[in-house]
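Undergrad: Before I ask anything, here is the structure I am working with.
The values are calculated or read from the model by the stated rules, or taken from the named source; none is laboratory data. Nothing here was measured: the structure is a model prediction, and the numbers come from that model. Note that we place each Cβ from the backbone using ideal geometry, even for glycine, and neighbour counts take in every protein chain shown.
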Amino acid sequence: MKNVLYPACSAAIAGLCLVALPASAQLNQALEIGEQATRQAEQIQVQINQLDDERSDLEREYRSLLQELTAAELFVLQQEQVVESQQEELASAREQLERIDETKAQMMPMMYAMIDDLRTFVEADLPFKMDIRTERLEQLDTAMTAADVTAGERYRLIVEAYQAEMQYGNTIDTFEGSISNAAGEAITVQMFQYGRVALVYHNPANGEVARWDREAGAWEVLPDSYRRPIQDAIRIAEGTKQQDVLFAPVQRFSVE
């Protein structure tokens, strides 16, 4: 019995081995295929991740470029507005320069007329400080013909001359002056200027007082009753007497 069974058992075991080996190989092959598939899937996933990162980078770069483009467009628009504004300012400046040239052309006759009017006024006015006032008019004449004096400077000098003449009418003043007597001799007297109301003098040598007659263009001797008021006025102007009401021989004054 044993001799018969053992070979049969051995044959069965051998058959099992023959059947099992191919299944194991197939399993190993399947496992290798699965591992390869897994590795390929991982590689594909890595590639997908790389592509996704690249896409994200490209998207960020695109957005950045889009922002830069928008900023550039805004900058160009702003620069166009600046250029347009500058062109408008340039056109305005050119127009102003043209008007300045026209104004200069119109100012010259006006300034000459102002100087002539001022000269007429001074000649018709009381003859006080004539050396200063005449020199001022001569300076205006020189400025009008000087090439290095601008129109604005000429006008400023004329206005200052008018202001100086206006100031004479708001002040009183006393100063030494010279007159000619009947013999034609020069006599030093004390002058007093009542603004533009009157110009008088007092002669300390003989006590004579006189006023300038506008109409006659000569000195007119005043009565002795004016001597004391004129002397008081001179002392007030000198600061040796307190201010008080001044009396003056008034004469109407008008210049056409």
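Undergrad: Name every residue in the stretch 179-228 that is crowded, with 18+ Cβ neighbours inside 10 Å and either part of a helix (DSSP H, G or I) or hydroxyl-bearing (S, T, Y) (or both), in order of residue number.
TA: Y194, Y201, Y226
Undergrad: Between a first residue in the stretch 148-160 that is aliphatic (A, V, I, L, M) and a second residue that is at pLDDT below 90, which pairs have beta carbons less than 6 Å apart while being 6 or more apart in sequence or on different chains?
TA: Listed by first residue and then by second, the contacts come to A151/K104; A151/M107.
Undergrad: Looking at this structure, is A105 of a type in the set (G, A, S) and surrounded by 11 or more Cβ atoms within 10 Å (Cβ to Cβ)?
TA: Here the answer is no, as A105 does not meet what is asked.
Undergrad: Consider the stretch 165-178. How many of its residues are assigned to a helix (DSSP H, G or I) and within 16 Å of P127 (Cβ to Cβ)?
TA: 2
Undergrad: Can you name the condition, by its number, that V149 falls short on among (1) modelled with pLDDT of 90 or more; (2) within 30 Å of E215 (Cα to Cα); (3) among the aliphatic types (A, V, I, L, M)?
TA: (2)
Undergrad: What are the residue pairs meeting all of these: first residue in the stretch 87-108, first residue without any contact (Cβ under 8 Å) to a residue 60 or more places away in the chain and assigned to a helix (DSSP H, G or I), second residue among the hydrophobic types (A, V, I, L, M, F, W, C) and surrounded by 10 or more Cβ atoms within 10 Å (Cβ to Cβ), Cβ atoms under 6 Å, and 6 or more apart or on different chains?
TA: K104/A151; M107/A151
Undergrad: Same structure, new question: Going residue by residue through the stretch 224-238, is there one that turns out to be under 24 Å from T134 (Cβ atoms) and touching an Asp or Glu at 6+ places or on another chain (Cβ under 8 Å)?
TA: yes
Undergrad: Do we find a residue being exposed (fewer than 11 other Cβ atoms within 10 Å of the Cβ), at negative phi and at pLDDT 90 or above anywhere in the stretch 238-249?
TA: No, the stretch 238-249 contains no residue that is exposed (fewer than 11 other Cβ atoms within 10 Å of the Cβ), at negative phi and at pLDDT 90 or above.
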